[in-house]
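Report on the structure given below.
Since every read-out is calculated from the coordinates, none of them should be taken as a lab result. These numbers come from a predicted model, not from an experiment. FYI the Cβ positions are ideal-geometry reconstructions off the backbone, even for glycines, and counts take in every protein chain you see.
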Amino acid sequence: MEWTGLQPEMVRSELTEIVGDAHVSTDDADRLVYATDWFWLPQMWLDRGEIPRKPDFIVRPKSAEEISAILQVANAYRIPVIPWGGGSGSQGGALPVFGGIVLDTKRMNRIIEIDEKSLTVTAEAGINGKQLEWAVNEKGLMLPHYPASANCATLGGYLAPRGTGTISTKYGKAEDLVLRMQVVLPDGHILRTPIVPQHAAGPDFYRLFLGSEGTFGVITEATMQLDYLPECRLLRAVLFEDLTDAIEAGRQIMTRRLEPFVIRLYDPRSTASRVKKILGYELEGAYMVLGFDGDKDIATLQEEKAMDIINGFGARDLGREPGEAWWNHRYDFYYPPQSLKLPWMYGTTETVTTYDKIEKLYFAEKKAVEEGYKEWDIDFIGHFSHWFHWGVMVYTRFIIRNPPDDAKEAVRLHNRVWNTAMTAVLENGGMVNEHHGVGLKLSRFMRRQYGDAWPLLDRIKKTLDPNGIMNPGKVGFGH
Amino acid sequence: MNTAIGAIENCRFCLMCRHVAPVGHITHNESVTPHGIALVAAMQRQGQLTWNPSTLDVLYAEPDGGNCRAHCVTDQPLPAAIAAIRAEVADDGLAPPEVVRAHDRIAENHSAFGSYEPATKQGEWGLFVGDVGFNLAQETMRAALKLLEACELDVVSVGCGLDSGFIPCSLGYPRTAQAQARLCIEEVQRTGIKKLLVLSPQDLFAFLQMHQERLDIAWPEDVVIIDLVDFLASQVPNLKMIPPAGTAENATAYVDPTHAVRLPRRFDAARTLCEVALGYAPLELFWREDRAHPVGSTAIQFTRPDIGVRLTEARLEDAINRGAQSIVCDDPVTLYELRLRNESNLHIQGLYETLLTQLPPHS
C-alpha cells in the first residue's frame, strides 16, 4: 500500500524543515530495510516473496526538541510514529504496521556525563550498547546490562521493552539500572523524571515508560547505574541428571542470596542440541553454568557455598573450562548460520513466574506444544537464565524445521503455536514475556494477561496519546 | 555464482557486527550496515528490489575495510560477497560512471593515482611501495627505505605506482584485479625477491588474503610476505635509536590504519615503534586496534566519495575528542587521506618519518 500524492509531500516538507533533507528518507532501499525487525513473521513474509508494510518516511532526529516537533507534525496529519533503536527486537515492536514515520534515534548517540562518584552514566537513547560499554570500561566501570543484542541495540532499546541481560541475576534488569529519563510525550511535551527513582515523593510514574515500547512516548536520554568492573569472574559448569533437581538447586542459591551473576540452566533437550552445537560438549542431562564475580575472596566463598548446595543434589562438577567456554562464546548462539534462521519456523516463548509454579508451567507448555504440533515434528527447548529471589525466567523456544512454504499458511501455523504456548503460560501463572517485550507479536495477549487491570492501562494510553499515533498495534494498543 | 555471495544469506539475518560497522556509525542508517546491504542485495536477487539509484547507493556504500568479518564469529566474507555482486552489476552495465572511470584508469595505467614504474634492479629483499606510496606519499616511502638502509638491508623497491588489485576487485572488476595481481607477482619474481616487505596494509591484505580468496591467485611459496611494521619493530634493538627529548606530554595519538583490523598482528608492533618515535606510549583513539575504523581510502573514495570523506573526518574527530594535538600513522594510504581532509590544527605525522629523526647520525 503506497501513500502518494500531495499530502505525503506536505508531510515530507515539514519533516525536512525540522531535521534537514539529509535526515528524511523515502528511498526504496531504506523503506524495505526498515520494514522488518527481528520478528520471525516479517522476515519470513519478505523471504517468501511478499512485501511487508513499509514506512512512508524514515526520519533521523538529532535532539529531543526535533522529536517534539516531529510528533506535533504527526499529530496534525494523524500519522503513526514508530521509534526505532537498533531494530534488533524479536517481537515486531519496531514494525511500521500502519506505515508512517520510522523515527530512527541513532543520531542521538552522545554520552553526556560519566559520574565516577555516583557511578552513573547519562547518555542519549540512540547510543549503541556496546559503544556505551566500551566508553565506561575505559573508566574501570561497566553498565551491567549484557544482552545478546548489545552489539546492535541502543540504550533506548534496552529500556523500552524492559530488557534483561546475561548478568541480570546479580545486577538486575535494564529497568532496575535506570535512575532517570528524558521522554518526549506523544503531544511533543518534553519531560524529565526526578533525579532518583527511589523516594517517597509521590507515585513512581517514570516506570510507565519502561515497557511501553514507544506507545507512551519516546525515551531520548537516560541516566544509568554503573558498577566497577569486577576484580574476578569465576565460572564453572555442572551437570545434573534431573532438571527438577537443577531448578531446586538454583532456587536455593538464589533464596540464600549467594549472588551469582549468572545461572544458566539448559534443559536436557537444549543440552543435547544447542550446547553441543555451539560449545561442542556431548552431555546428557541438564547443563548449568554458574558464575560469581566481584571481590575475589567474596566470590570464591560464594562459589564454595553454591557448590555445597549443588553437590547435595549429586550434580557432576565439570570444572571451570566449560563455564568459561560458555562465557566466552555466549553470544555465538546468535550468529548465522549457528543461530536459528529461515527457512525454519521458530519462536522464543520466554516467560517468568514464581518458584512454586515454574516447573509445572515449563512442563505444561512443553506438553501442549509438543503434543499439539507433533505432525510438524516440533522441537521444544529451553533454558532457565534470569533468576530472582522469588522465581525464575524460562527461555523456551519452539522450532519447526519444515514449515509450510506458503507465507499465509505459515503465518497461521506460527500464530497457532503461539496461542497454544501462551495459553499454557497464562493458565499456569506465567507472564507472556520476561524480557523481549510485547511488540506486535504478543499484543493480542495483553488483555488476557492483565484482565481487570487492562482498562487502566488503556485509559492512560488514550490520555497520553489521544490520536493514537505512537507505535499503533503494539503492546495491546491500537487494535 | 561466486561462492562468497552466499554470505548475504547469513548477513541479512544478522546484526552482530553493528557496533564496529563504520558506515553505519557515520550515517546512522540501517540500510548501509552489513545487515542492510546484505538484505538489499538478497532482495534484489529475489526480485523484490531492482538495481536503481537508491539500491545501488546501498550496494556501493560498503567500504571493504574488513570490520564486519573481523568481528564475525562465523567468518562470513561479506566484503567479498559485495565485491562479487558489484561485478555482476558491472557486467550488466549498471555500475555508476565514477566507478567505471576509476576502473578504466587502473586498467589503462595499472595505477589509480599516477604512473607505474616497474623495478629494474634485482635483490633478495624487496619493499612493495604500491600506488599511493609512490604517487601521493613519497616521503613515507623514502623514510621507509632509509630505515631499512639503517637496518643494513639492500632493498629493491617494487610495485612503484602499481595497484595491488585491491581497488579494482573492490570496485567489482575481478578480471582487472587478477591482471594487477599477476603484475605484482611477475615483478617480484622478475627481480628475484624472496622476502617482500609491504609498506601499506591495503596491499598486505591483498597479498595475504584477497588474491587467493577473491581472485584465485596464489603467491609463489618461496616468497615470504612481511608487514613492514612487524619487521621494523623487530629491528628496534639493532637501530640504536636516540630517544626524543622533551616528550613528557602524551598528546600524540596513533591511528591504526585502514585494514588494520584484518592484520591484528600489527597492533603491538606499531605501538612499539610509536614508543620509540615519540618517547612515550601513544594516546589511544576510541576506534583503535580490533575496532579501528577505516578512512575513506578504500574503493569507497570512488564508489561513494561522500561516505569516504565522512569516514576520514570521523577519524580526525576521534583524535580531537581524545585531546590529541597530533596523530601518527605508518600507512601512506591512510596518511594521505587524513592529510587531504584535515581542516583542524591537528598535526599529522608519518611514523617512519618520525622514526627517521631518531636515528643516530651516520647510521
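If one computes P(r) from the Cα atoms of region A:1-160, what percent of pairs lie at distances over 20 Å?
Numbers: 6812 of 12720 pairs.
The answer is 54 percent, as a whole percent.
Considering the dipole of region B:226-288 built from charges on the beta carbon (Lys and Arg +1, Asp and Glu -1) around the Cα centre, which of B:Phe267, B:Tyr254, B:Leu278 is farthest to its positive end?
Selected residue: B:Phe267.
Rounded to whole Å and sorted largest first, list the principal axis extents of the Cα atoms in region A:71-169.
On the principal axes, region A:71-169 reaches 48, 26, 18 Å in Cα extent.
Within 10 Å of each Cβ in B:3-15, how many Cβ atoms from other chains are there, averaged over the peptide? Could you put the intermediate results ahead of the total?
Numbers: counts 0, 0, 0, 1, 1, 0, 5, 6, 1, 8, 11, 8, 10.
That works out to 4 on average.
What do you get for the angle between helix B:34-46 and the principal long axis of chain B? Use alpha-carbon atoms, 0 to 90 degrees, nearest ten.
30 degrees
Compute the Cα gyration tensor for region A:226-283, then decide on rounded, prolate or oblate, letting a ≥ b ≥ c be the square roots of its eigenvalues: rounded whenever a/c is under 1.5, prolate when a/b is larger than b/c in the other cases, and oblate in all that remain. Mind showing how you got there, number by number?
Numbers: a/c = 2.89, a/b = 1.38, b/c = 2.10.
It is oblate, given that a/c is not under 1.5 and a/b is not larger than b/c.
Nearest 20 debye, what's the magnitude of the dipole of region A:299-458 about its Cα centre given +1 on Lys and Arg Cβ and -1 on Asp and Glu Cβ?
Numbers: 19 positive and 23 negative charges, 95 e Å.
In debye, rounded to 20, region A:299-458 gives about 460.
Averaged across A:36-46, how many Cβ atoms of other chains sit within 10 Å of each residue's Cβ atom?
Working: counts 2, 2, 2, 0, 0, 0, 0, 3, 0, 0, 6.
Other-chain Cβ atoms within 10 Å of each residue's Cβ, averaged: 1.
For a label point 7 Å from the Cα of A:Ile51 along Cα→C-beta, name the residues of region A:4-22 whose backbone N is under 15 Å from it.
A:4-5
From Cα pairs below 8 angstrom and at least 6 apart in sequence, can you work out the relative contact order of chain A, rounded to a whole percent?
16 percent
Please give the helix B:78-91 orientation as an angle from the longest Cα principal axis of chain B, in degrees from 0 to 90, rounded to the nearest 10.
Taking Cα atoms only, the helix is inclined about 60 degrees.
Over the whole of B:30-37, what's the average partner chain Cβ count within 10 Å per residue? Rounded to a whole number, please. Each step should come with its number before you reach the end.
Details: counts 13, 10, 3, 4, 0, 4, 6, 2.
The mean count of partner-chain Cβ atoms within 10 Å per residue comes to 5.
Taking chain A as the reference, fit the longest principal axis to its C-alpha atoms, fit the long axis of helix A:6-19 to the helix C-alpha atoms, and give the angle between the two in degrees, 0 to 90, nearest 10.
Tilt relative to chain A: about 70 degrees.
Only bridges with both residues in the protein assembly as shown count here: give the DSSP antiparallel percent, nearest 5.
DSSP beta bridges in the protein assembly as shown are roughly 65 percent antiparallel.
With an 8 Å Cα cut-off and a minimum separation of 6 or more residues, compute the relative contact order for region A:367-479 in percent.
Values: 95 pairs, mean separation 21.3, N = 113.
Here the relative contact order equals 19 percent.
Which of A:Met10, A:Met446, A:Met254 has the fewest other C-beta atoms within 10 Å, and how do the rest follow up to the most? Intermediate values should be presented prior to the final figure.
On the way: A:Met10 13, A:Met446 18, A:Met254 21.
In increasing order of surrounding Cβ atoms, one gets A:Met10, A:Met446, A:Met254.
Apply the a/c threshold of 1.5 to the C-alpha gyration tensor of chain B and tell me whether it is rounded, prolate or oblate.
Numbers: a/c = 2.02, a/b = 1.36, b/c = 1.49.
Verdict is oblate for chain B.
With a ≥ b ≥ c the root eigenvalues of the C-alpha gyration tensor of region B:3-95, is it rounded (a/c under 1.5), prolate (a/b larger than b/c) or oblate? Mind showing how you got there, number by number?
On the way: a/c = 1.67, a/b = 1.38, b/c = 1.21.
Note, shape of region B:3-95 comes out prolate.
Going by Cα centres, region A:414-444 and region B:94-173 are how many Å apart?
That distance is 61 Å.
If one computes the Cα centroid of region A:138-196 and of region A:68-103, what distance in Å separates the two points?
20 Å
Restricting everything to alpha-carbon atoms, can you work out Rg to Rh for chain A with a Kirkwood hydrodynamic radius? Don't jump to the answer; show the numbers that get you there.
Details: Rg = 22.5 Å, Rh = 23.3 Å.
Taking Rg over the Kirkwood Rh, I get 0.97.
Which pairs in the list A:Lys130/A:Lys170; A:Lys374/A:Lys474; A:Lys130/A:Lys296; A:Lys173/A:Lys461; A:Lys130/A:Lys173 are over 28 Å apart, alpha-carbon to alpha-carbon? Present the calculation step by step, with values, prior to reporting the outcome.
Details: A:Lys130/A:Lys170 20 Å; A:Lys374/A:Lys474 31 Å; A:Lys130/A:Lys296 26 Å; A:Lys173/A:Lys461 24 Å; A:Lys130/A:Lys173 17 Å.
Pairs exceeding the cut-off: A:Lys374/A:Lys474.
Percentage of Cα-Cα pair distances in the protein assembly as shown greater than 36 Å, rounded to whole percent? Don't skip to the end; give the middle numbers.
Working: 180000 of 354061 pairs.
The answer is 51 percent, as a whole percent.
Pop out the ³J(HN,Hα) list for region A:416-425 in order, Karplus 6.51 cos²θ - 1.76 cosθ + 1.60 with θ = phi - 60°, rounded to Hz; leave Gly and Pro as x.
5, 4, 5, 4, 4, 5, 5, 4, 4, 5
With only Lys, Arg, Asp and Glu charged, each at its Cβ (+1 for the first two, -1 for the last two), find how big the charge dipole of region B:161-311 is about the Cα centre; round to the nearest 20 debye. Before the final figure, lay out the partial values.
Values: 15 positive and 18 negative charges, 33 e Å.
So the dipole magnitude of region B:161-311 works out to roughly 160 debye.
For A:Cys152, A:Cys232, B:Cys184, B:Cys68, what ranking results if the residue with the fewest other Cβ atoms within 10 Å of its Cβ goes first? Kindly include the intermediate steps, with their values, before the conclusion.
Details: A:Cys152 28, A:Cys232 13, B:Cys184 25, B:Cys68 31.
The fewest-first ordering by Cβ neighbours comes to A:Cys232, B:Cys184, A:Cys152, B:Cys68.
Take B:Ser234, A:Ser88, B:Ser54, B:Ser31 and order them by how many other Cβ atoms sit within 10 Å, fewest up front. All intermediate terms of the calculation are to be shown ahead of the outcome.
Values: B:Ser234 13, A:Ser88 23, B:Ser54 19, B:Ser31 27.
In increasing order of surrounding Cβ atoms, one gets B:Ser234, B:Ser54, A:Ser88, B:Ser31.
Quick check for me: using +1 on Lys/Arg Cβ and -1 on Asp/Glu Cβ, what's the dipole size of region A:161-307 about its Cα centre, in debye to the nearest 20?
Numbers: 18 positive and 21 negative charges, 45 e Å.
In debye, rounded to 20, region A:161-307 gives about 220.
Cβ neighbours within 10 Å, averaged per peptide: list B:208-220, B:191-203 in order, most packed at the top. Show your work: numbers first, answer last.
Details: B:208-220: 17.3, B:191-203: 24.0.
Peptide ranking by packing, descending: B:191-203, B:208-220.
Report the normalised scattering of region A:232-334 as log10 I(q)/I(0) at q = 0.18, 0.20, 0.22 Å⁻¹, calculated by the Debye formula with identical scatterers on the alpha carbons.
Per q value, in the given order, log10 I(q)/I(0) is -0.79, -0.97, -1.16.
So which GluC sites (Glu not before Pro) in region B:298-363 pass both tests, a DSSP loop state and at most 16 other Cβ atoms within 10 Å of the Cβ? Mind showing how you got there, number by number?
Numbers: sites: B:Glu313, B:Glu317, B:Glu337, B:Glu343, B:Glu353; in loops: B:Glu343.
When the GluC sites (Glu not before Pro) of region B:298-363 are filtered for loop state and at most 16 Cβ neighbours within 10 Å, B:Glu343 remain.
Positive end of the charge dipole of the protein assembly as shown (Lys, Arg +1 and Asp, Glu -1 on Cβ, about the Cα centre): tell me which of B:Leu94, A:Pro194, B:Ala7 has its Cα farthest that way.
After comparing all options, I get A:Pro194.
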